[in-house]
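Undergrad: This is the structure I want to talk about, given as structure tokens.
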Amino acid sequence: MKYFSSELLEFDSLKALIARYASTPMGRAAVEALAPGTDQDRLACSLAETAEAMDYLRAAARPRTTGAETAVRLRFDLPDPSHAVRKLQIEGVVLEPLEILHLIAFLDRAADARALLAAVMERFPRLSARAASIGEFRPLLKALSGKVLPDGTIADHASVALGRIRRDIERQKKQIAESLERFLKLHREDGVLQEEFVTIRNERFVVPVVPGARRRIDGVIHGTSGTGHTLFLEPLETIELNNELVRLDEEETREVYRILAEMTGHLRGYKDSVARALEVMSGLEFLFAKAQFALDFECVIPVFSPAGSRRLHLAEARHPLLDDVLRRQQRRPVPVSLTLDEQQRTLLISGPNTGGKTVTMKTVGLLALMAQCALPVPCAAAEFPIFHEILADIGDQQSIEESLSTFSAHISRVRDMLAAATRDSLVLMDELGRATDPEEGGALGVAILDRFLGSGSFTVASTHLVALKIFGANTPGVVNGSMGFDDQTLEPTFGLRMGAPGRSAGLDIAQRLGMPRDVIERARAAMSSSERDIARFLAELQARLANVQELEREVVDRRAALATREQSLAKEWQQKESEKLRELARRSDALMARFEEQAGEAIHSILERAGERKAAVQARRSVAKTKREFRQEMEATLLSTRDEARQGGLAASKPKIVEGARVRLRDIREPATVLRVFDNGEVEVQAGFMKMRLEAEEVLEVIGGGAGGPKLPANVSYHAGPAWSVSYREINVIGKRAEEAIEEVDKFLDSAVLGGVQRVRIVHGHGMGILKRAVNELLTASPHVAKHYPAPPGEGGTGATIAELRET
């Protein structure tokens, strides 16, 4: 974006606000580098990543649950390793101990980030993909960790040689201390000691003596005190010991340097991966800084309108800097909502002074910049075109140094904006036509707005001039807007109303700010009658607009209340109906249980009588048939009860009858399939083998099927019969009681005959032979079975029976 008026829109202040959410110089540098872009695909991708980061932070803030993918908040509060990473690129340069320590801590944190985000890859794929480019540093960390202590010193165990040297140093220091203690004891009574302690001068152990003792004690003077009253003497007997200590110190320094060079070499072997990790972690920190800012300021992800149908829409938008200031005062800004599109590209805002016109324009401009920086915006919903320029003339640009008055500065700025404006521009103009004669300023403002309108730019302008308000009311493509004003308190309400101009209320504002009453009265008397009429008209228009908006809110609230009431009634009716159906189901189950008990007793008594097995089989079939008929009758009763309840309560709309749908017909127990639907309202259906043509009113219910057909009600189920495919021509009754098995096999045989199947297999298992015997008795007595025999070994052997059916 070439022009985006960053200073006027306080873009740098916005970046400073977001930078507060970055923990490291790397993250703050990424925020500082923010600049608006125009590549819509890239912006959409960046915003999608930000949205995912917002979801991650929400998930990390929730309590952790066992067994689920857990989002753990990432931490970026580390010293900046970027200088050390740059030094790794220079061959031969050795890192300092603290640089190595900070780099190790950074790589450890980067490895943790990679592992944490990889664990939640399914929920957060974009974040995981970013972190996946962080290299594998575990072997490097294992080799280097612990060798540099938190204070920047090299640990004793960093090498065998270093540990040995430091032990030698400690022994040497102990010998020197013992030697000096003997010296102090020897000369305690000589009066040559200034004080009895050991100190260090020029890296050597010395004792303080009086100046007069210089010739009385052999040794080397390494300095004097600031007053000159104390000499620091290295006794002759400790000189060799100190020399050895110096040699050991130098050896330690060489070994430490060797270790640092070796550790730097290890890190340099990963220099490209380390640089990539630094880049990724900086990006992640920036991403989560944006996300945390968005959550704190209740932002949403903006969308971009297509180039052919541009739209600028803001719902309950807030200026982030104003929001930040008011939050510290425990207050909230008044949000603004507006919509501009290809038919209405220009918004002309009028209204009282200090009413929020300038803040509204700055909000539109700054939020457009935020969207094109891939930042979430503080509002309830937002849609923007892609702007290539954002041109603003806000505030007083007068300059004494450049000999520019308010008007000349204003005109110079507008002239440059007219030259730069294109169809892809957003134009913001504060107090258009200001600082000159109102009549001429109004005429000039009309001409300027008309020029921007003709260029295709989206324009938001503010004014107090009547000529511009009339232009906004009469010109296609221009819409008036007004900032609210309370006539009772004489204070602005800061709300934006679309569709009508507002009055400036300058005298009222001046009165509220303490202007003397006589001055206000004199000013009102000096107003022309036309000006008073216009002010009165605008006040009346605003009052009516407020009434209309209040009525609209009442209508919306009533509709919402009615919808809630309707849902409540529907839920109550469904609960009552479900209770009735459950009660009927309980009764039917009780009747069925009693029937089964009585039928079982009857069959048992028949079986006890010899020679009546055929009658027992026939009795089982009668029982099974009676149970099926009872169930069908019960289902019909339940449906009838539900239909009656619907007719007496909240009747649901009847689903549409379509070809292929399954329906329930009046006075016909079996469900039917719709074959054709005629224009005269008749339908052709098939129930079993029977086809019929009847009126649509004969269809009681659509119970499923058909392309786009209605769904079954929640308390009604439909179970389709067996589909006689090549792979499904058998029934398994293992584990069932004899009566249940007989019923299912009998129904299975009926369906097989209807489906034209010639051979079926009944799997009954071995067990005690009860199921096998009952099945064989049923097959012997069945009129559908031509013959039956045990299955071959490949099909189950004696654990299954093959039945060949008669052709119908």
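Undergrad: Which value, in debye to the nearest 20, describes the size of the charge dipole of region 62-186 about its Cα centre when Lys and Arg Cβ atoms bear +1, Asp and Glu Cβ atoms bear -1, and nothing else is charged?
TA: 260
Undergrad: Given charges of +1 on the Cβ of Lys and Arg and -1 on the Cβ of Asp and Glu, with all other atoms neutral, how large is the dipole of region 217-261 about its Cα centre, in debye to the nearest 20?
TA: Values: 3 positive and 10 negative charges, 47 e Å.
Its charge dipole is roughly 220 debye.
Undergrad: Return the ratio Rg/(2.2 N^0.38 Å) for region 223-347, where Rg is computed over Cα atoms only. Walk me through the numbers on the way to the answer.
TA: On the way: Rg = 33.7 Å, N = 125, 2.2 N^0.38 = 13.8 Å.
Compared with the compact-globule rule of thumb, region 223-347 sits at 2.45.
Undergrad: Can you spot the aspartates and glutamates whose alpha carbon is less than 13 Å from Lys87's alpha carbon? Ignore those fewer than 8 places along the same chain.
TA: By straight Cα distance, Lys87 reaches Glu96, Glu99, Asp272.
Undergrad: Counting only residues 5 or more places away or on other chains, whose amide H sits under 5 Å from the amide H of Thr493 once H atoms are built in the peptide plane?
TA: Gly484, Phe485, Asp486
Undergrad: Next up: Sort 325-337, 442-454 for me by packing, meaning the mean count of neighbouring Cβ atoms within 10 Å per residue, highest on top. Intermediate results must be reported in sequence, preceding the final value.
TA: Details: 325-337: 13.8, 442-454: 18.3.
The packing order, highest mean first, is 442-454, 325-337.
Undergrad: Give me the one-decimal nm value for the distance between modelled label points at Leu186 and Asp272, 7 Å along each residue's Cα-to-Cβ direction.
TA: That separation, rounded to one decimal, is 6.7 nm.
Undergrad: Which of the pairs Lys147/Lys271; Lys290/Lys357; Lys147/Lys174; Lys15/Lys362; Lys747/Lys787 have their Cα atoms more than 23 Å apart in this structure? List each step's numbers first, then the result.
TA: Values: Lys147/Lys271 20 Å; Lys290/Lys357 28 Å; Lys147/Lys174 26 Å; Lys15/Lys362 15 Å; Lys747/Lys787 18 Å.
In this structure, Lys290/Lys357; Lys147/Lys174 exceed 23 Å between Cα atoms.
Undergrad: Another question, then. Put His788, His83 in order of accessible area, largest first, 1.4 Å probe: what do you get? Intermediate values should be presented prior to the final figure.
TA: Working: His788 60, His83 95 Å².
These residues rank, largest area first, as His83, His788.
Undergrad: Let me ask something else. Percent of Cα-Cα pairs per 10 Å bin, from 0 to the last occupied bin, for region 69-180, please list those.
TA: Bin by bin from 0 Å, the calculated values are 12, 30, 27, 17, 9, 4, 2, 0.
Undergrad: Moving on. For Glu701, what residues show an amide H to amide H distance below 5 Å, using hydrogens built from the backbone and excluding near sequence neighbours?
TA: Sorted by chain and number, the residues that satisfy this are Arg664.
Undergrad: Counting Lys and Arg as +1 and Asp and Glu as -1, each charge on the Cβ, what is the dipole of region 261-348 about the Cα centre in debye, to the nearest 20? Walk me through the intermediate numbers first.
TA: Values: 12 positive and 11 negative charges, 42 e Å.
About 200 debye.
Undergrad: Here's something else I'd like to know. Give the accessible area for Leu34 in Å² (nearest 10); use a 1.4 Å probe, count only protein heavy atoms, and leave out ligands, DNA and RNA.
TA: Accessible surface of Leu34 is approximately 20 Å².
Undergrad: Given the C-alpha atoms of region 221-289, compute the convex hull and give its volume per residue in Å³. Numbers along the way, then the final one.
TA: Values: hull volume 10.9 nm³, N = 69.
In region 221-289, the Cα hull volume divided by residue count equals 158 Å³.
Undergrad: If the cut-off is 17 Å between C-alpha atoms, which aspartates and glutamates fall inside it for Lys185, apart from same-chain ones fewer than 8 positions away?
TA: Excluding near neighbours in sequence, the set is Glu195, Glu196, Asp218, Glu234, Glu237.
Undergrad: Taking the Cα atoms of region 304-392 alone, what are Rg (to one decimal) and Dmax (as a whole number) in Å?
TA: 13.5, 44
Undergrad: Something else about it: Please list, in chain and number order, the residues 5+ apart from Leu805 or on another chain whose amide H is under 5 Å from its amide H, with Hs placed from the backbone.
TA: Answer set, sorted by chain and number: Arg759, Val760, Ala786.
Undergrad: So for region 1-118, taking the charge dipole from beta-carbon charges (+1 Lys/Arg, -1 Asp/Glu), which of Leu34, Thr24, Ala115 sits furthest toward the positive end?
TA: Comparing the listed Cα positions along the dipole, Ala115 ranks first.
Undergrad: While we're on this one: Taking +1 at the Cβ of each Lys and Arg and -1 at the Cβ of each Asp and Glu, which of Met54, Leu103, Pro79 sits farthest along the dipole of region 1-125 towards its positive end, judged by Cα position relative to the Cα centre?
TA: Of the options given, the answer is Met54.
Undergrad: If Phe304, Phe183 are ordered by their accessible area, calculated over protein heavy atoms with a 1.4 Å probe, which sequence runs from highest to lowest? It would help to have the intermediate numbers written out before the result.
TA: Details: Phe304 30, Phe183 5 Å².
Sorted by accessible area, descending: Phe304, Phe183.
Undergrad: Same structure again: Please list, short to long, the whole-number percent of alpha-carbon pairs of region 121-201 in consecutive 5 angstrom bins beginning at zero.
TA: Distribution as computed: 3, 10, 11, 10, 9, 9, 8, 8, 7, 5, 4, 4, 4, 3, 3, 2, 1 percent.
Undergrad: Same structure, new question: At 1.4 Å probe size, put Asp323, Asp296 in order of accessible surface, largest to smallest.
TA: Values: Asp323 0, Asp296 60 Å².
Descending order: Asp296, Asp323.
The values are calculated or read from the model by the stated rules, or taken from the named source; none is laboratory data. Values in this document were obtained by computation on a predicted structure and should not be read as measured data. Counting neighbours? That spans all protein chains shown, and the Cβs are built from the backbone with ideal geometry, glycine included. Only protein heavy atoms, including side chains, enter the accessible area calculation; ligands, DNA and RNA are left aside. Shrake-Rupley method; radii C 1.70, N 1.55, O 1.52, S 1.80 Å.
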